[in-house]
Structure formats: structure tokens, C-alpha cells
1. Among the residues of the stretch B:82-102, is there at least one that is aromatic (Phe, Trp, Tyr), touching a residue at least 12 places away in the same chain (Cβ under 8 Å) and either closer than 19 Å to B:Gly42 by Cβ or part of a helix (DSSP H, G or I) (or both)?
2. Can you tell me which residues in the stretch B:66-93 are surrounded by 16 or more Cβ atoms within 10 Å (Cβ to Cβ), within 11 Å of chain A (Cβ to nearest Cβ) and not small (Gly, Ala, Ser)?
3. Can you spot a residue in the stretch B:53-76 that is within 15 Å of B:Leu97 (Cα to Cα), in a helix (DSSP H, G or I) and among the polar types (S, T, N, Q)?
4. Of all the residues that make up the stretch B:108-121, how many are touching a helix residue (DSSP H, G or I) at 6+ places or on another chain (Cβ under 6 Å) and within 14 Å of another protein chain (Cβ to nearest Cβ)?
5. When residues of the stretch A:99-110 are filtered for being crowded, with 18+ Cβ neighbours inside 10 Å and closer than 14 Å to A:Lys36 by Cβ, how many remain?
6. Tally up the residues in the stretch A:46-87 that are hydroxyl-bearing (Ser, Thr, Tyr) and touching a Leu at 6+ places or on another chain (Cβ under 9 Å), please.
7. Search the stretch A:31-47 for residues being within 16 Å of DNA strand C (Cβ to nearest atom) and either without any contact (Cβ under 8 Å) to a residue 40 or more places away in the chain or more than 12 Å from the chain's Cα centre (by Cα) (or both), and hand back the single one that is nearest to B:Pro25 (Cα to Cα).
There are 2 protein chains.
Amino acid sequence: MSRILPHPTREQIELPGVMDCLSDPIRLAIVYNLAKREKEAGELRCGDFYGLSGKSNLAYHFAKLREAGLMETRAVGTARLMKLRREDLDNRFPGLLDAVLASAERDAERLQLPVLEFTEA
Amino acid sequence: MSRILPHPTREQIELPGVMDCLSDPIRLAIVYNLAKREKEAGELRCGDFYGLSGKSNLAYHFAKLREAGLMETRAVGTARLMKLRREDLDNRFPGLLDAVLASAERDAERLQLPVLEFTEA
DNA sequence: TCAATAGTTCAATGGGAATTGAACTAAGGA
DNA sequence: TCCTTAGTTCAATTCCCATTGAACTATTGA
């Protein structure tokens, strides 16, 4: 299962790709929860998101988020640890991520954004 | 042709709908050009955007932008005058539009965002 | 070595989005 | 009144996206 996980460089991250990622409810929920844990562990595993959808569908969305440059994935054992590419995104699109996250937080109920329970690292 | 053009109220504007609008290259180009003219006339007509795509396809994208709450349309004679719903968007999603527009401006070449010639009001 | 766990990949499906051209409607000018 | 211009609506097509389950791969632990 140890495959090369392709990540775009900072400069390769494109605005439309990022916007597209954030327009999907499942992907927004993933980013939202990753951001919520940014100050603590920072990294989360696929299994933490099983509340959102099925395994294979999540793998699909994770790939999209990774390929669009929104998050970084590293393999540790059988697990995948993922975190937001906060610095790259802030550098590339200043203020964008914060604005989206703040709006998402404000609209969390309306958007039915789930706050997931996470396993401890 | 004078039909009721439904606009969402400020409160009805949803984040995913806005993000989805801005992830499409044609719609981003429309918003980008509307913003560029914000300080001057503020309002633009359908015909100003014929450089982007065909008439009927533009009508489709205009409807999406209007229904998502990104712009406002009013009929004047046979023309449709459109402008950004800047205040509503800034109120609902503070900093979002500015962040997107600033990033779009920075990446204008890469995104091939066309700066259109506009007719004078 | 074997079984269990974590996650990926594949193929198939359904549905919705974008695009196009043609037909249509409304308003303005000659 | 008639023609032209501006823009919408409709139907048809194409394509892409999200979702699903099953099969597969890799790693860990017993």
C-alpha cells in the first residue's frame, strides 16, 4: 500500500481547484474538522472521518483534497496522517482559508457541518 | 421578456453555492470583471461578456450567479444591468470576496482571466 | 505464518452540470 | 407597423462528478 502520494508544490496550487474542493459539503466538512484540530495534534487519519461517508468515497475526496493542494498526507504504518497545508494556502491565497473557515463556523448548523470525534495520537 | 428575476435574500445566500459559483472559470471571470468595474459604473450588461462564451451559455451562468446571490440583475429596456452584491456578500462572508478577488488578480495570467471591454453607460 | 486492520483501487451506476443551436419574447427605432 | 437588437427559454447532447460495493494491498500483532 506504500505508494507515492503526489502533492502539488505550493506554486502549483490553483484557485479554481481550491474553490471546487471547498464547494463540496463532504470536503468542506473534512477541511473544517482538520482546521478545528490544527492547534492540537494537527494530523488526523482517514478513519476519523467515517462518520461522513463510506471508506472508498472518503478516499476519493481525500485524493481530491490532496491533489488540489489543500492537505498533505503521509503514511505511517497502515494509517494515513493528514493535515491542512495552512502555510501554503495562506501564502498562495492570503485570507481565503480564514474567511471560508470563519463563515463555515458561523453557518455550521445550517450547513450541518459535523464535528467529529477523533482518536488520540 | 420582462419576467420576475428571483434573487435570494441576504440571509439565504449559502457558502457552498457561492464557492461553487467561483470555482467555474467562466463565472469567476464574470465576477472578476464585475468587480473591476465596481468603482465606476458598477453595472454591466450581458452583451459585455460575449467574449467569454455564447449568449445562451452566458444566460445560464448569469442565472446561477443570480440565484446563488452573487449578483443582482435589473431590467432596463431590453438590457439587463448586473452588479455584484458586494455588501450582502461582505456581510454574510466577511473577507471572502476580497480574498478571492485578490488571488484572482494575482493569478490573472495563469487563470487566463480576460479583462473585457465594456460599453459606456 | 496467519489473521485482522487500514486504506486504496477498480468498475459500474446515477445524476447533474456545461454547452450548443434554434425558437421565442420583449423593447426600441425607423 | 416592421425590423432589429437584447436576452431568455427549450431540448438535446456530452461529459464529469459523486457514490457504492467488491476486490486488492500493505502493515501490524498474535
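Every number here is computed from the coordinates shown, using simple stated rules; none is lab data. Only a predicted model underlies this, so the values are computations on that prediction, with no experimental measurement involved. Every residue, glycine as well, gets a Cβ built from its backbone with ideal geometry; the counts of neighbours run over all protein chains shown.
1. Here is the first cut: in the stretch B:82-102, the ones aromatic (Phe, Trp, Tyr) are B:93.
Still in the list and also touching a residue at least 12 places away in the same chain (Cβ under 8 Å): B:93.
In the following step, the residues that additionally are either closer than 19 Å to B:Gly42 by Cβ or part of a helix (DSSP H, G or I) (or both) were identified as none.
No: the stretch B:82-102 contains no residue that is aromatic (Phe, Trp, Tyr), touching a residue at least 12 places away in the same chain (Cβ under 8 Å) and either closer than 19 Å to B:Gly42 by Cβ or part of a helix (DSSP H, G or I) (or both).
2. Residues satisfying the conditions are B:Leu89, B:Arg92, B:Phe93.
3. Looking for residues that are within 15 Å of B:Leu97 (Cα to Cα), in a helix (DSSP H, G or I) and among the polar types (S, T, N, Q), one finds none in the stretch B:53-76, hence no.
4. Looking only at that region, the number is 1.
5. First pass over the stretch A:99-110, keeping only residues crowded, with 18+ Cβ neighbours inside 10 Å: A:99-101, A:103-104.
Filter once more, so that each one left must be closer than 14 Å to A:Lys36 by Cβ: A:100-101, A:104.
Summing the residues that are crowded, with 18+ Cβ neighbours inside 10 Å and closer than 14 Å to A:Lys36 by Cβ in the stretch A:99-110 gives 3.
6. First, pick out the residues of the stretch A:46-87 that are hydroxyl-bearing (Ser, Thr, Tyr): A:50, A:53, A:56, A:60, A:73, A:78.
Narrowing the set further to residues that are touching a Leu at 6+ places or on another chain (Cβ under 9 Å) leaves A:50, A:73.
Total meeting the criteria: 2.
7. That would be A:Cys46.
Yes/no matrix, rows are residues, columns are (1) more than 26 Å from A:Ala104 (Cβ to Cβ); (2) small (Gly, Ala, Ser):
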| residue | (1), (2) |
| --- | --- |
| B:Cys46 | yes, no |
| B:Ser56 | yes, yes |
| B:Glu67 | no, no |
| B:Asp98 | no, no |
| B:Leu116 | yes, no |
